[in-house]
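S.K.: Got a structure here, written out as structure tokens. Questions coming.
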């Protein structure tokens, strides 16, 4: 991987920072956040502004350019990747390390007095704007909104915003009609005396209307905004898309069942002026809900007295708790996904000794097997297929120039997933096709112990996911090891593979308590830079459980693994496992064999079935 | 325990809320926080305003009185106690339960439009003022500072503010002179370009000047403020105290070694006007440090542009990391404390069968044994001596009307500690002097497993204490049990038994990372309302440790128990322990026997020594 050459781009950007065509007064620094106008984690090519300016293409990172310097902040998953993709005009700011300054502190330390720092108000979230603005102001600087995006100004061949065909999801997949979702939302609005809600997160809009798109690779969403009132619904979306009769019928555009469930559509871009119009008509006590992660631009349209910012919208919370249809869909999707992976691993075992399988071809093969499964739509994120040292790059994606051949001598890590009409998958397995070293086995076993500790944890109703994070690390910590990423994220149902508001992390973000029906990943790891990477990831469903006692009638929860793919026994040092942990592995493998075995049998996939049976032998 | 009758007091207070003698416009609600002007947790009798108005005398709780209602918020430790101490004019607000509204939400739900809510700006912390004010303002109400405290106005026999004699701590106890502490503080101020620091926390002032007092029971502090600049030091304290020649010499009041280390003393009450004078002379760029937990009154003296609020002052952080002299002192204090407790338990074993020992007499006996130890100053908090159902009241304190007799049939819980010149102790043991039930043993063993899980945890440098909290709960959770309090708090060295900025709690307060030299408690519990209480508490020192590996050279930490008092073997169901846990118990008891045994021998306390030897037999 060679870094992007950015000398000329930085020169042009710095020129734009002084150009009165874009700004009234020159700015001394320009912030380029990672997201789009919806604060999406994965973004469309037209929104990859931070990658365009610095070369780093990971899913999280913020670039800041001053007159003299350029720096980019990202987290532990991306330290190695970012250092390889950026040239020496850039300073990599490793977030989470003690010595790394925050963006605010760094700006304050490098800026001359009374500086102006610019940012596009559409791509900075309102809460980030607030914090940044406060810090800069208290140091005598100011944060200014630059309406013309300066990256777009210098980006000559910037791609167009996509507008893909929409898919309608019937009750069979969604479990709840969009009309019922609207009514549920309005009940919550009425409870809190809220007149309107502005919906800016793309997955919330997709979930609310039971629609899917493919505007953003891997995430089945589409560019839109929605504003829902107690008696009206406005959907802001490219009007061409609304010409599709299936969509018109699904949304009852021509023939609404009830007036208060009639959707008015309007162009995507008109959300700003429409929201202004709505706000102009607000009564003195009326309140508007908007996520504090919505864009600063849109948030500021709502007068402060009417604004009711929330860390998570009620849609985000409702979406996180899957309904029975969604849970069943997720289970089915994971069985199909396991079939594809059993096929892959059986195939790899046969092919690797020939020396012809590479990271890329293995990833392609995984996609091929997945695409043979019913209701397959696409991948849920770029497959991380990594051999040996590449495995230590936490969010590695194989490229022709980094592509390694799978062999009998190195650890192979594959983190992959798919979108099916009935659910989204995300699974990581780490395997050795020859003989793993004692150290590799030792590390793998600590990771497995951490994975089991979370998966088997019993905890009271109302527990936040971050309280479970240390369970995943205890075995690694005891040997002086650790991993620099969180342990789990929420997973959507035929939606984004990363979704809020729950998760399992040492970072105590304001996660919402776990409740039955939520779905998260459980993915501890260990990464030995320059040598190998280990991660073990299942998607797990939060389920009620009944331990011996029930303190204060709070009830207890635990996890049920949805992912049903064998964990390679060869990588386990069973001496390091307790009897309880051995029992967990055996019970998990029994379930894999029973459930996925039946499906492999049904699909007549004999080789994969043989592989599955061999890989799920009980351990002593 | 019978509740305090508050009808007449509430009537008088509501009258004061409308009385133009105290307020310019009538207020619709009045907030009575728990603390004093220094936001102390333990307070002097003259500051027990919340107790005066509602009867509840726990260490945490806020009362709010409106024209029609009166409500009091406290946490899980005090639910039972508060419900017993308050009459039915009061609503108990159980913090931490989902259905309990926050103070802000409750006020907004009960107040008429455009209400004024009053509070004494000296006893509300700046950060609390800010949050409360923001919430009220956004709902159309306002928070107003009422300079005359309305409780004081109706409190006819309010005690005077204490002004006890000061004790000077030499290097032998403090390890570092106050001059060196000032220089260390100024280094930190220079690093952050800070001109002044306002010190309001009583333990920070006591620590900084190596002085102790006894103005507040159990906490060896004295009423004072300090303001430290780069070349001047001001100490605001009752001038009578400065007449003591020992104090004058210690502070070099008459003969300072260097002008910049010369202390100017001024009356306690003059801090407000002196701070005003200092702020009037500030240069445009000068900044003043003040804790965001300092009083709103004093904080607002500093113009916003000059104010640099911090969650923890550098003194708080410096105080938390004990120096070698302090660590040695804490160890010595804990050995002496263990001697006293061994004496107590040997005595209890002999006396309980006679049926004459009560909760109060046992507590008195504990104090008597402690007072025989060298450098004993007093208790570090009111002894919790509780039998059977009283043990389930987490912060129980035996009173004549609740006093139970210790017997062979009920669990006995004693949580006690002392102030010695060389250190502060805090230890809880739960014992049964007859035959515990299987359920009592089962619960005790889960609590022990949690205690060991924290105490033996190995974790990377930089880990915050709250990440360890779930370790203490895992065994309880697995059986559907839990406890509604944090797992540990910082402990001062001959200072407050509760101190920041570190701790171990499920509440993710902004705790600072644990580092070697910090001292915290490890005290999981289980409480069966109406039946028994179990808690197992050691004070533990954070120490470096060297596990097998050292990931990214971060280094690892673990805990070393300072408390060395046997854990009653009779209460343990050893079948529920892993081999590792059994080894931990045996190694802990070996250390108790070796270290405390030697001191018992030296002091010629034969009976207690026999008891210790018997109680520290290894378990299989």
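No value in this document is a laboratory result; all are computed from the given coordinates. In this text, all values refer to a predicted model and were calculated from it rather than measured experimentally. Counting neighbours? That spans all protein chains shown, and the Cβs are built from the backbone with ideal geometry, glycine included.
S.K.: So what is the relative contact order for chain A, in percent, with contacts set as C-alpha pairs under 8 Å and at least six apart? List each step's numbers first, then the result.
M.R.: On the way: 1301 pairs, mean separation 67.8, N = 620.
Computed value for chain A: 11 percent relative contact order.
S.K.: Compute the angle between helix A:178-191 and the longest alpha-carbon principal axis of chain A, please, reported from 0 to 90 degrees and rounded to the nearest 10.
M.R.: Taking Cα atoms only, the helix is inclined about 60 degrees.
S.K.: Next question. Rounded, prolate or oblate: which fits segment B:443-596, taking a ≥ b ≥ c as square roots of the Cα gyration tensor eigenvalues, rounded meaning a/c under 1.5, else prolate when a/b beats b/c? Walk me through the intermediate numbers first.
M.R.: Working: a/c = 1.45, a/b = 1.25, b/c = 1.16.
Rounded shape, in that the Cα axes give a/c under 1.5.
S.K.: Let me know the mean shielding of B:429-439 by other chains, meaning the per-residue number of their Cβ atoms within 10 Å of its Cβ. Present the calculation step by step, with values, prior to reporting the outcome.
M.R.: On the way: counts 0, 0, 0, 0, 0, 0, 0, 0, 0, 0, 1.
The shielding value for this peptide is 0.
S.K.: Taking the Cα-to-Cβ direction at residue B:594 and at residue A:606 and moving 7 Å from each Cα, how far apart do the two end points lie in nm?
M.R.: 6.7
S.K.: Quick check on chain A: helices-only [θ] at 222 nm, where DSSP H runs of length 4 and up contribute -39,500 (n - 2.57) each and the sum goes over total residues. Nearest 500, please. Before the final figure, lay out each step's value.
M.R.: On the way: 19 runs with 205 residues, N = 620.
Mean residue ellipticity at 222 nm (helix-derived): -10000 deg cm²/dmol.
S.K.: Next question. What residues of segment A:570-607 lie in the reach of a label at residue A:368, counting those whose backbone N is under 16 Å from a point 7 Å from the Cα along Cα→Cβ?
M.R.: A:607
S.K.: Follow-up. Residue B:138 label points, 7 Å along Cα→Cβ, one per copy: pairwise distances from this copy to the rest in nm, shortest first?
M.R.: Once sorted, the set of distances for residue B:138 reads 1.9 nm.
S.K.: So if R0 is 51 Å, what FRET efficiency would residue B:156 and residue A:152 give, r being the distance between their Cβ atoms, rounded to the nearest 0.05?
M.R.: Numbers: r = 72 Å, r/R0 = 1.42.
The value I calculate is 0.10.
S.K.: Moving on to the next point. Find the centroid of the Cα atoms in segment A:6-36 and in segment A:130-183, then give the distance between the two in whole Å.
M.R.: Using only Cα atoms to place each centre, the spacing works out to 20 Å.
S.K.: Between residue B:583 and residue B:554, take the C-beta separation as r, use R0 = 30 Å, and let me know the FRET efficiency to the nearest 0.05. All intermediate terms of the calculation are to be shown ahead of the outcome.
M.R.: Values: r = 27 Å, r/R0 = 0.89.
The formula returns an efficiency of 0.65 here.
S.K.: A further question follows. With angles folded into 0 to 90 degrees, how steeply does helix A:359-371 sit against the dominant principal axis of chain A? Use alpha carbons for both and round to 10.
M.R.: For A:359-371 against chain A, the angle is about 90 degrees.
S.K.: Here's something else I'd like to know. Based on alpha-carbon centroids, what's the gap between segment A:380-456 and segment B:201-249 in Å, whole number please?
M.R.: Cα centroid of segment A:380-456 versus Cα centroid of segment B:201-249: 60 Å apart.
S.K.: How high is the FRET efficiency between residue B:145 and residue B:242 when r is their beta carbon distance and R₀ equals 51 Å, given to the nearest 0.05? Numbers along the way, then the final one.
M.R.: Working: r = 31 Å, r/R0 = 0.61.
So the FRET efficiency works out to roughly 0.95.
S.K.: Work out, step by step, the length gained on full extension between residue B:529 and residue B:97: first 0.36 nm times the residue separation, then minus their alpha carbon distance; give nm to one decimal. Intermediate values should be presented prior to the final figure.
M.R.: Details: separation 432, 0.36 × 432 = 155.52 nm, distance 1.68 nm.
So the chain would gain 153.8 nm between residue B:529 and residue B:97.
S.K.: Helix A:579-602 versus the longest principal axis of chain A: what angle, 0 to 90°, nearest 10, using Cα atoms?
M.R.: Helix A:579-602 sits at roughly 80 degrees to that axis.
S.K.: Sequence gap at least 6, Cα distance under 8 Å: using those rules, report the relative contact order of segment A:453-594 to the nearest whole percent.
M.R.: Values: 240 pairs, mean separation 31.6, N = 142.
Contact order relative to length: 22 percent.
S.K.: Under 14 Å from a point placed 7 Å out from the Cα of residue B:131 along the Cα-to-Cβ direction: which residues of segment B:287-328 have their backbone N that close?
M.R.: B:292-294, B:311
S.K.: What does the C-alpha gyration tensor say about the overall shape of segment B:321-588? Classify as rounded when a/c is under 1.5, otherwise prolate if a/b is larger than b/c, or oblate. Working shown, then result.
M.R.: Numbers: a/c = 1.83, a/b = 1.31, b/c = 1.39.
Here segment B:321-588 falls in the oblate category.
S.K.: First check a/c for segment B:40-83, with a ≥ b ≥ c the square roots of the eigenvalues of its C-alpha gyration tensor; if it is under 1.5, answer rounded, and if not, answer prolate when a/b is larger than b/c or oblate otherwise. If you can, show how the numbers build up before the last one.
M.R.: Numbers: a/c = 2.09, a/b = 1.17, b/c = 1.78.
Note, shape of segment B:40-83 comes out oblate.
S.K.: At what distance in nm do the modelled label points of residue A:60 and residue B:109 sit from each other, each positioned 7 Å from its Cα along Cα→Cβ?
M.R.: Placing both labels 7 Å along Cα→Cβ, they lie 3.5 nm apart.
S.K.: Do you know the relative contact order of segment A:167-318, to the nearest whole percent, from alpha carbon pairs under 8 angstrom that are 6+ apart?
M.R.: Values: 225 pairs, mean separation 34.4, N = 152.
Value for segment A:167-318: 23 percent.
S.K.: Follow-up. Compute the label-point distances linking residue A:246 to its equivalents in the other copies; points lie 7 Å from Cα along Cα→Cβ; give nm, one decimal, shortest first.
M.R.: 8.9
S.K.: Could you check the simple spin-label distance between residue B:8 and residue A:188, using points 7 Å along Cα→Cβ, in nm with one decimal?
M.R.: 5.2
S.K.: Related question: Every other copy gets compared here: list the nm distances from the residue B:619 label point (7 Å along Cα to Cβ) to its counterparts, shortest first, one decimal.
M.R.: For residue B:619, the inter-copy label distances come out at 2.9 nm.
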